[in-house]
Amino acid sequence: MKIRTVLSALAATSSLILIALPGQASAFTIPNYHVTQAQIDSLQAGASANDVIEALGKPEDTASWRDGTRSMVYETYDNADGNRRVYVDLDSSGKMIDVEVLTP
């Protein structure tokens, strides 16, 4: 598991809009950035970057690491946990290694 630095976290944040409206749902997210637990659970190690994009949509950001790996970053909101950031880690050949869900 990669250690997320403050710098990478800042680069990966933004674009999540929360709007509280009386009588309405408690939060709205930008379309294509709402990643459900079922979508996360459907991912399997070894999936290609294109498979991940097909399952989750276009990532909000992609962080590249010194060792050649990358992390596709998705912002989402969960009513129980609030803001969540989903990192899909890819090896240097573009195959999925791991998925992490962090609550900032």
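The values are calculated or read from the model by the stated rules, or taken from the named source; none is laboratory data. Owing to the predicted nature of the structure, the values given are computational and were not obtained by experimental measurement. Virtual Cβ from ideal backbone geometry, glycine too; neighbours counted across all protein chains shown.
Scanning the stretch 67-104 for residues that are in a loop (DSSP other than H, G, I, E, B) and surrounded by 15 or more Cβ atoms within 10 Å (Cβ to Cβ) returns Thr69, Asp91.
Scanning the stretch 67-104 for residues that are touching an Asp or Glu at 6+ places or on another chain (Cβ under 9 Å), β-branched (Val, Ile, Thr) and either closer than 16 Å to Val35 by Cα or free of Cβ contacts under 8 Å to residues at least 24 places away in the same chain (or both) returns Val73, Val86, Val88, Val99, Val101, Thr103. Contact map, the stretch 31-42: residues that are in a loop (DSSP other than H, G, I, E, B) and surrounded by fewer than 18 Cβ atoms within 10 Å (Cβ to Cβ) paired with residues that are at pLDDT 90 or above and not β-branched (Val, Ile, Thr), Cβ distance under 7 Å, separation 6+ or inter-chain. Pairs shown: Asn32/Gly57; Asn32/Lys58.
Restricting attention to the stretch 46-66, which residues are among the small types (Gly, Ala, Ser), within 16 Å of His34 (Cβ to Cβ) and part of a helix (DSSP H, G or I)?
Result: Ala55, single match.
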